Structures are given as C-alpha cells and as structure tokens.
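Worksheet for the structure shown next.
The values are calculated or read from the model by the stated rules, or taken from the named source; none is laboratory data. This structure is a prediction, so every number in the text was calculated from the model and none was measured. Ideal geometry is used to build each Cβ from the backbone, glycine not excepted, and the neighbour counts take in all protein chains shown. The area values use the complete protein model at the heavy-atom level, side chains included, leaving out ligands, DNA and RNA. Shrake-Rupley method; radii C 1.70, N 1.55, O 1.52, S 1.80 Å.
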Amino acid sequence: MGMTISEKIMAAHAGMDSVKPGQLIEAKLDMILANDITAPIAIREFEKLGVDRVWDRDRISLVPDHFTPNKDIKSAEQVKMVREFAARMNISNYFEVGEMGIEHALLPEQGLVLPGDLIIGADSHTCTYGALGAFSTGVGSTDFACAMATGKAWFKVPESIKFVLHGKLNRWVSGKDVILKIIGDIGVDGARYMSMEFTGDGIKNLSMDSRFTIANMAIEAGAKNGIFPVDDLTIQYVKKAMESGRRKDSYKIYESDPDAGYSRVIEYNLDNIEPQVALPHLPENTRPVSEVNDIKIDQVVIGSCTNGRLEDLRVAAEILKGKKIKKGIRCLIFPATQKIYLDALKEGLIEIFIEAGAAVSTPTCGPCLGGHMGILAKGERAISTTNRNFIGRMGHKESEVYLASPAVAAASAVLGKISSPEEVI
Amino acid sequence: MEEKLKLKGRVFKFGDNIDTDVIIPARYLNTQDPKELASHCMEDIDKDFAPKVRPGDIMVAGHNFGCGSSREHAPIAIKASGISCVIAASFARIFYRNAINIGLPILESEEAAREINEGDTVEVDLKNGTILDITNGKKFKAQPFPEFMQEIINAGGLINKTKKELEAKNV
C-alpha cells in the first residue's frame, strides 16, 4: 500500500523507507517555534538538560506575540526572559515588537517554514503550515525544550482522513466557512490524533490565505495536523517568502500515493457551502449564518492566526467601505504581521477601517485568548474571526464568542447583530 | 522523581471536551508558578475545585479532555493542585503528550469515565492500569501505554529521558 503525504514526510525525517499509522518514530525537525507564553516554561526545562547551546540557532523561532506589546509587568518579565535567552543562544529568528507578527502568519511570510518540512511548535495552531505541504503540529513547552537541544521529537504516525474538495466557493464564502462546516460535521474530536488531508479539484480554487485558515483550525477538530498538496500557487508563495533569505536550504515536494490508506474519505462541494457561524461554546456548534437570527453583539474582532491575513482585511474593507460601524459596537481589527499591516495601509484598507469607525491595532494575539486588547465583560457577546469560542475564551466566563469569517464579522459590525454580507452590500 | 504507583483519592468529575482554557484560563498565563496556576485551575466551570481539592484526589472526565491550546500550564496546574491522576474516556493529543512529558499520571478508560461518580473514592494502580471505585465496588482496566511512552513515564518525564540520552552521547 502507498503512503499519504504526511506519512512520506514523517518517514523521510525518521530516515525510514516507509511508516504506518500507529508507529512510534523519532524524527529530525526542520523548524521549531515557541511564543511568549510557551517559551518561558521551555527555557526553564531546557536549562535542566545541562546543555549550553541549542541544536541549530537558525532553526528556532521565538515569537513573542500573545501578550505583546507587553500587557502587564508579569508579561513583560516573561518576554524579557525569552529575549535574553534568544540573545544568549544567538537565536536568529527572534522577533521583537516592531517586526513581530502573529507567529503562524509570520513564519510562512518570512519563508521560515517550507513544503516538505517537519515542524513542531509550542502552540496548538502550529498546524497552520500544512497549507504549504509541510507536516506541522503543536506540542507543549517540554517537547519544544528537548527539541531545542536535540533537533528531534517523537511522534506517533497518525491515521489520515481525506477531505476531497470539489468546485469553487461562492462570493463572500472563504476558507473559514469551509473549515467551520467540516468541524461542524465531524465534531471537535472528529479527527482526534489524526491527519486531516485536504485534496481534490477544488483546491486550485482556494487562495493561499484560505488554505492557511483551513489548516490552522485542524486542531479544532482534534487533529494532529492539516495538510494540503503543493501546487503552482504554493510554489509562487514560497518563492516570494524565501526572498527573506532566512532559510538557506531548499524544500521538497511530497505527494500522497493514489493507493495511500485513509480511515475515512469525506467529499465536499465548495459551491454548496454557505457562510458559517460557530455558536458558543464549541467550534463544532456551526450553522449557516442564514439560520442565526437576531443575535446582537457588543464587539467584533477581525484578526488572529486564523484570519488576520491580507485577503481577510480586503474582504472586511470591501464590506466596510463607505459604511459605519453600528453605534455602540466596538470593531477591532488586527493585521497579523507588520507586512500585512503595511500592505493594507498602501492599499487604503486601513483608511477604510478608520473611516468606518473601527480600531486598528499593531499585530497581537491579544483578545483571541482573552489576553488583552479587547476583553469581554460579563454578559457581553462578540463575533470573532478567531478560532475558539470556549467558556471564558475572550474574557468573563459569562461572555460569549461566535466564530465566523471576516466577511460575516464585518457585516455584523455594520448591523450590530450577526449578519450575512448580503444584508449589507 | 519517582511517582507513587498506587494512588487513592476522592473524585472530582467533569464532562466531555474540557478544554485547556477552562483548565487554566489564559488570563493567568503571565506566570509559570505552578502554585499560582493551581489556585485558578478549573475556576471558570467550578469555582469550588481549587479550594476543595486535596493532595491525592483524582480527576475523572469524559471524552477529549484537554482539547484546545498547547499550554503546558494546564497539566502543570492540575498536578500542582494536588490531583494525583486524571482518568478520562479520551484525551486530546497535545494534553496527552504534555501530561506524559511532565509526569502527570493519566489513564484512558471509557468505562471508568462513565461509571465513576463525583465524590467517589477511587484507587488506582498505575503499574498495571487498574482502577477500583471503592464507593460502588466497580473495577476497570485502563488502556496500556505503548512501550516508548512507558519509558518516558519511567524516566520521570521527557526532560529526564532526554538528559540521560544527551549525557550518554557525550560520554
């Protein structure tokens, strides 16, 4: 039997000809990352290992993006610890505020993650890089600490579910709606311990930004990774990203064999997917926006590692252009990286947002995890383009988060209640 | 760092899909202090948990325990709260990995998760994976760990295992 793209990447990095689901392997890593919340624990653990240098200073990325710009003294101390460690270990890819972006938008943009890579990150949304045809998965601080010393990690080879996507998305429908629809269908543990492989003739009609969004939320179905095949669009993206010169090596393209084994195959016609909303308090509580009536909101968040990319901002601007955010509603917009921010500025998107009455922030994960920059009070409700709507995720335990695409979030900001883009345009 | 192999404690029971945001809300992730983290463990769904939990107590939950973020603060908070072992119908994978890596004993048993009730007294034998509910007299057997993971557990966590391997290489 053949192998899936995920199995091939794992086998190659374990120095084996083939691997099978369930097999435990130790494999070499191409890139590892941590942020200002997970790195401090990792640094303490690393120090227990008794080594005085890291495995490869060019293959470690440290991105203080969660509670930055420092939200309080304790957060400032944590970031300081990471900054000093990066300096001591001479780590090339430490990103200070000013060049910092949300890690999962930043690393692909900077060409730090490439097709065929095996990547771990001490952040659950590390699965985002599967959009580039890499095997990439979230781990905890201790795994990251050991990988900093050894360049290796242990893995259980996951089974794969194949999602075959056909057709083309309708207007105002994006990758966010595709992944919310899938999570709604299979549930928050529908792909637990598994690989979610996206394939089919519909892939060519999905932008890179939509692919990043889809791979990003694979973890919300419990998956180990989400992964896409590499096509011309991927190569074009990677070529541009590699101009940064941060990675000196090249990349390898892997493809699933036609006779690879899957535990399940699920088909979707992209034409049939409507804009989706996930109701509190699980990402699986999804329904088409047309079935969500009269849900008044207090806050709108457009941003995050899920939906803070240029395409997301363009869609939001298209809807907000010449309109006003409904009085009494806070609309917060977070370009995910400095480059995205600058591109949005040059395209006139930032002006549209400010004219509409939105607040635009420097990149940060901030409100997505209830950190800072947009915390909800008791009883408040937000529609957000982020990835989780768990109890207390954006603030008070009695606040609510509804997950949706940038198009739905922007339309909702105009009407003050959860709305379809068509109600606004 | 040797773990006790026989545990006995009172049960705190939770449902399905207990995510890491409720285990330890992100607003407390500006610290790495286990005791401080433990004082906020589960507070958004059970404000009585942290004040009531005693050393040795056992947490029992449904499916997909520990889903969501990769924060190791979640198993650290549970461990520092005094909980000696988490029994769940199933675990989310990053939490499972983190628990093993930091040496928080976890056992997977759908039956035990269903049959054990809040407040029961439960005895766990980590060596052979048996669970006895002393209150209702029912016995359960947890899924055994693969050998490789058992090695991490035996070493007292991934750091100890890696340290030994690094030292062996340098000799």
Between the modelled labels at residue A:235 and residue B:33 (7 Å from Cα along Cα→Cβ) the distance in nm is 5.6 nm
Cut-off under 19 Å on the C-alpha distance; same-chain residues fewer than 8 positions from residue A:378 excluded. Which aspartates and glutamates are left, in chain and number order?
A:298, A:398, A:400, B:21, B:43, B:44, B:46
With every protein chain kept in place and ligands, DNA and RNA left out, what is the accessible area per residue of region A:323-425? Probe 1.4 Å, answer in Å².
35 Å²
Could you compute the longest span of chain A free of GluC sites (Glu not before Pro) located in DSSP loops and having at most 16 other Cβ atoms within 10 Å, not counting the site residues?
A:100-254
For chain B, what is the relative contact order in percent, using Cα pairs closer than 8 Å and at least 6 residues apart in sequence?
23 percent
Whichever lysines have a C-alpha closer than 19 Å to that of residue A:339, once near sequence neighbours (fewer than 8 apart) are set aside
A:239, A:240
Result for interface chain A to chain B, accessible surface buried in total, 1.4 Å probe, Å² to 100, stands at 4000 Å²
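What is region A:271-425's relative contact order, in percent, from Cα pairs under 8 angstrom and six or more apart in sequence?
Relative CO of region A:271-425 lands at 33 percent.
Only loop residues by DSSP count here, and only those with at most 16 other Cβ atoms within 10 Å; note down the trypsin sites (Lys or Arg not before Pro) in region B:47-150 that meet that.
Counting only loop positions with at most 16 other Cβ atoms within 10 Å, the trypsin sites (Lys or Arg not before Pro) in region B:47-150 are B:47, B:127, B:138.
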Direction-averaged shadow area of the convex hull around the Cα atoms of region A:100-219, nm²?
8.1 nm²
So the compactness index of region B:109-171, its C-alpha Rg divided by 2.2 N^0.38 Å, takes the value 1.57
Over chain A, relative contact order from alpha-carbon pairs under 8 Å, at least 6 apart, %:
18 percent
So what's region A:273-424 giving for Cα Rg divided by 2.2 N^0.38 Å, two decimals?
0.93
For the protein assembly as shown, the percent of accessible surface on carbon and sulfur atoms (probe 1.4 angstrom, ligands and nucleic acids excluded) is 48 percent
C-alpha center-to-center spacing [region A:200-220, region B:73-99] in angstrom
31 Å
I need the calculated FRET efficiency for the pair residue A:293 and residue A:425, taking r as the beta carbon distance and R₀ as 30 Å, to the nearest 0.05.
0.95
Loop only by DSSP, 14 or fewer other Cβ within 10 Å of the Cβ. Give me the trypsin sites (Lys or Arg not before Pro) in region A:166-216 that pass, ordered by residue number.
A:168, A:171
Measuring from a point 7 Å past the Cα of residue A:53 along Cα-to-C-beta, which residues in region A:63-99 have an amide N at less than 13 Å?
A:89-91
How long are the semi-axes of the equivalent ellipsoid of chain A, taking √(5λ) for every eigenvalue λ of the Cα gyration tensor, in whole Å from largest down?
32, 26, 19
Grab the Cα-Cα distance for residue A:271 and residue A:72, subtract it from 0.36 nm times how many residues apart they are, and report the gain in nm with one decimal.
67.0 nm
So for region A:5-267: antiparallel DSSP bridges make up what percent, rounded to the nearest 5?
15 percent
Does anything in region A:1-28 have its amide N under 18 Å from the 7 Å Cα→Cβ label point of residue A:164, and if so which residues?
A:2-5
Distance from the Cα centre of region A:85-134 to that of region A:361-404, in angstrom?
24 Å
By the C-alpha gyration tensor axes a ≥ b ≥ c (rounded if a/c is under 1.5, else prolate when a/b exceeds b/c, else oblate), the shape of chain B is oblate
What full-extension length gain, to one decimal in nm, is calculated for residue A:327 and residue A:314 as 0.36 nm per residue of separation minus the Cα-Cα distance?
2.4 nm
Restraint check, A:252/A:321; A:156/B:79; A:74/A:327; A:8/B:6; A:168/A:252, Cα-Cα greater than 31 Å
A:252/A:321; A:74/A:327; A:8/B:6
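Distance check, please: which entries in A:20/A:224; A:71/B:47; A:324/A:417; B:13/B:47 exceed 22 angstrom between their Cα atoms?
Beyond 22 Å between Cα atoms: A:71/B:47.
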Please compute the length gained on full extension between residue A:249 and residue A:44, using 0.36 nm multiplied by the number of residues separating them and subtracting their Cα-Cα distance.
70.8 nm
Return, ordered by residue number, the residues of region B:24-65 whose backbone nitrogen is under 20 Å from a label point located 7 Å along Cα→Cβ of residue B:8.
B:53-60
Work through the residues other than residue A:359 whose Cβ is under 15 Å from its Cβ and net out their charges, Lys, Arg +1 and Asp, Glu -1.
+1
Which GluC sites (Glu not before Pro) in region B:95-171 pass both tests, a DSSP loop state and at most 16 other beta-carbon atoms within 10 Å?
B:118
Based on alpha-carbon centroids, what's the gap between region B:1-52 and region B:111-171 in Å, whole number please?
18 Å
Choice from A:377, A:411, A:134 showing the highest fluctuation, given a GNM over chain A with Cα pairs closer than 10 Å:
A:377
Pick out which of A:289, A:277, A:414 has the largest mean-square fluctuation in a Gaussian network model of chain A, springs linking Cα atoms closer than 10 Å.
A:289
Apply the membrane-span-like helix rule to chain A: whole DSSP H runs, Cα extent along the own long axis of at least 18 Å, mean Kyte-Doolittle hydropathy at least -0.5. List the helices found.
A:73-88
